[in-house]
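Here the structure comes first, spelled out in structure tokens, and everything after it is commentary.
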Amino acid sequence: MALADYTANVEHLQEKLGKAFGVRPWLLNMPGRSVACKIDQHYYFAIMPGFLEALGRVGGMLPAKVLEALIKTGNLITRAPERDPHIPLTVNWGARAVTLAGAFVDADFIDRAVKTYGGLGCILNVSNLKISTADRERVESLFKYKTPPQRLAYF
């Protein structure tokens, strides 16, 4: 598959995600209910495999195809050589901490979807989902040679 095909798939997924968000706004940015929450201005933390399944469902693609398109276009943060975006992290959005498998999604992918196709006049604000400071070293290891999440992403 050519890079142009991956780009077309990502644009299709953005459109479908934005439209789904317009109908079901709890799909994004509501910790404990959503498949992805904004942790800083650069990234969303997406619950895996739920995020891929939801995106595949609204986009009419298999989750494996969604994963491939997001990795090949750089919308999922990965590290060479394995290119595996999955990382278990302890997160908190209130009184208790929970360990979840997730991945980091470039905020531009989701922000463009909700602003362009979701009927939202602006991008989403940072949610109250926070990552444990104890996991910061593992997160920064995943982000080697990339801009890591900001301090506000941690509790």
Subset of segment 8-36 [within 12 Å of the chain's Cα centre (by Cα), over 18 Å from Gly74 (Cα atoms) and open to solvent by less than 10 Å² (accessible area, probe 1.4 Å)]: Leu28
Right, Thr99: β-branched (Val, Ile, Thr), outside any helix (DSSP H, G or I) and open to solvent by 70 Å² or more (accessible area, probe 1.4 Å) or not? yes
Tell me the residue from Asp40, Asp5 that is touching a Leu at 6+ places or on another chain (Cβ under 8 Å) and acidic (Asp, Glu), please. Asp40
Any residue in segment 41-58 that's under 15 Å from Leu89 (Cα atoms): show its pairings with residues that are modelled with pLDDT of 95 or more and of a type in the set (Lys, Arg) at Cβ separation under 7 Å, as long as the two are six or more apart or on different chains. Tyr44/Lys38
Kindly provide the set of residues from segment 83-129 that are over 20 Å from Glu53 (Cα atoms) and among the small types (Gly, Ala, Ser), ordered by number. Gly94, Ala95, Ala97, Gly119, Gly121, Ser127
Let me spell it out: the conditions are (1) outside any helix (DSSP H, G or I); (2) more than 29 Å from His12 (Cβ to Cβ); (3) open to solvent by 10 Å² or more (accessible area, probe 1.4 Å), and Arg83 meets all of them except one. Which number is the exception? (2)
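Which of the residues that make up segment 71-80 are open to solvent by 50 Å² or more (accessible area, probe 1.4 Å) and part of a loop (DSSP other than H, G, I, E, B)? So that I can check it myself, show each step before the final result.
Residues of segment 71-80 that are open to solvent by 50 Å² or more (accessible area, probe 1.4 Å), as a first pass: 72, 79-80.
Across segment 71-80, the qualifying residues are Arg79, Ala80.
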Top-ranked residue of segment 37-70 - restricted to ones that are of a type in the set (Val, Ile, Thr) and either open to solvent by less than 30 Å² (accessible area, probe 1.4 Å) or more than 12 Å from Val105 (Cβ to Cβ) (or both), ranked as nearest to the chain's Cα centre (by Cα): Ile39
Go through segment 114-145 residue by residue and tally those that are open to solvent by less than 80 Å² (accessible area, probe 1.4 Å) and assigned to a loop (DSSP other than H, G, I, E, B). 11
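The values are calculated or read from the model by the stated rules, or taken from the named source; none is laboratory data. These numbers were taken from a predicted model, which means no experiment stands behind them. Heads up, the Cβs are rebuilt from the backbone with ideal geometry, glycines too, and the neighbour counts pull from every protein chain shown. What goes into the accessible areas is simple: the full protein's heavy atoms, side chains included, and nothing from ligands, DNA or RNA. Shrake-Rupley method; radii C 1.70, N 1.55, O 1.52, S 1.80 Å.
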